[in-house]
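Reading through the structure tokens given below for one structure.
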Amino acid sequence: MRMHKKSRLEERIEECGGIVTVADLTDKNMKRAALTPEYLPFNEIFGNNNPVRLEIGCGKGKFICETAKANPDINFVAVEKISNVLIEALERAKSENIKNLYFLNCAAEVLEKYFRESSVELIYLNFSNPLPKEGYKKQRLTHPRFLEIYRRILKNGGKIIQKTDDKDFFMFSLESFRGAGFGVLSVCENYDKPEYGDVETEHEKKFKEMGKPIFRAVAEVKG
């Protein structure tokens, strides 16, 4: 079902302008658009040189807001391409005055436009759309074409933490990680006891209440 556009969406995003960059993708060719850098100035945005972590597909922002508040010595950037969803995360972060959290309204294909090489220590992929139809395989956020982007913006030894409720997508992701040369450090097919500091997402809570297992993997960039 198509989501109705939220009222005053553009104005509300503009009111959160201090904590978000909205991608100007006049060029619809994503590969070409990514070649023109507009690197996020982390020192200016956060006022420090703390490590940077990235969530791709932050949704309404529960995970990233709570994670940022629990880790004040780490800087977080949350990416969400659907502005109708992102606005809820933006307004929550603004109302809670979370200083170590910034947002980027763009697609994952153009991350290199905004992130320098080796500038991120960790990427979260929480309950990404599994896109089960074969024809959409290249759009999955753990497809090798995305993993190559992540590899370039991650530091050596940087990690990806993925959580999903979809077993087929999880198996696809593990194969992709290994095929792209990532080291798979951890695989859990029933993640019910979160590690210290691991915030439960909206989807995770819902799926657990439905009795569905949560799949979790940690992959690492190899030097």
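The residues of the range 23-42 that are farther than 17 Å from R152 by Cβ and either hydroxyl-bearing (S, T, Y) or modelled with pLDDT under 95 (or both), listed by number, are A23, D24, L25, T26, D27, K28, N29.
Taking the condition of being assigned to a helix (DSSP H, G or I) and either at pLDDT below 95 or under 17 Å from the mean Cα position of the chain (by Cα) (or both), how many residues in the range 139-169 meet it? Residues in the range 139-169 being assigned to a helix (DSSP H, G or I) and either at pLDDT below 95 or under 17 Å from the mean Cα position of the chain (by Cα) (or both): 12 in total.
Restricting attention to the range 36-52, the residues that are of a type outside the set (S, T, Y) and either in contact with a helix residue (DSSP H, G or I) (Cβ under 8 Å, 6 or more places away or on another chain) or open to solvent by less than 30 Å² (accessible area, probe 1.4 Å) (or both) add up to 6. Restricting N97, N50, N75 to residues that are farther than 29 Å from R145 by Cα and at pLDDT 95 or above narrows the list to N97. Within the range 86-113, the set of residues being free of Cβ contacts under 8 Å to residues at least 40 places away in the same chain and not acidic (D, E) comprises A89, R92, S95, N97, I98. So for the range 194-209 (the condition being over 30 Å from Y39 (Cβ atoms), open to solvent by 70 Å² or more (accessible area, probe 1.4 Å) and in contact with a helix residue (DSSP H, G or I) (Cβ under 6 Å, 6 or more places away or on another chain)), does at least one residue qualify? Within the range 194-209 (the criterion being over 30 Å from Y39 (Cβ atoms), open to solvent by 70 Å² or more (accessible area, probe 1.4 Å) and in contact with a helix residue (DSSP H, G or I) (Cβ under 6 Å, 6 or more places away or on another chain)), the answer is yes, since at least one residue qualifies. No other residue among V218, V184 is more than 16 Å from I56 (Cβ to Cβ) and either modelled with pLDDT of 90 or more or not in a loop (DSSP other than H, G, I, E, B) (or both) apart from V184. Kindly state which strands (runs of 3 or more DSSP E) lie completely within the range 1-119 and contain at least 2 residues that are under 20 Å from I160 (Cα atoms) and of a type in the set (A, V, I, L, M). In the range 1-119, 52-56, 75-79, 101-105 are the strands (runs of 3 or more DSSP E) which contain 2 or more residues that are under 20 Å from I160 (Cα atoms) and of a type in the set (A, V, I, L, M).
Does N129 satisfy the condition of being closer than 24 Å to F115 by Cα, surrounded by fewer than 19 Cβ atoms within 10 Å (Cβ to Cβ) and out of contact with any strand residue (DSSP E or B) (no Cβ under 7 Å at 6 or more places or on another chain)? So N129 fits the description; yes.
The values are calculated or read from the model by the stated rules, or taken from the named source; none is laboratory data. Everything numeric in this text was worked out from a predicted model, so none of it was measured. Using ideal geometry, Cβ is built from the backbone for each residue, glycine included, and neighbour counts are taken over all protein chains shown. Note: accessible area is taken over every heavy atom of the protein model, side chains too, but ligands, DNA and RNA are not part of it. Shrake-Rupley method; radii C 1.70, N 1.55, O 1.52, S 1.80 Å.
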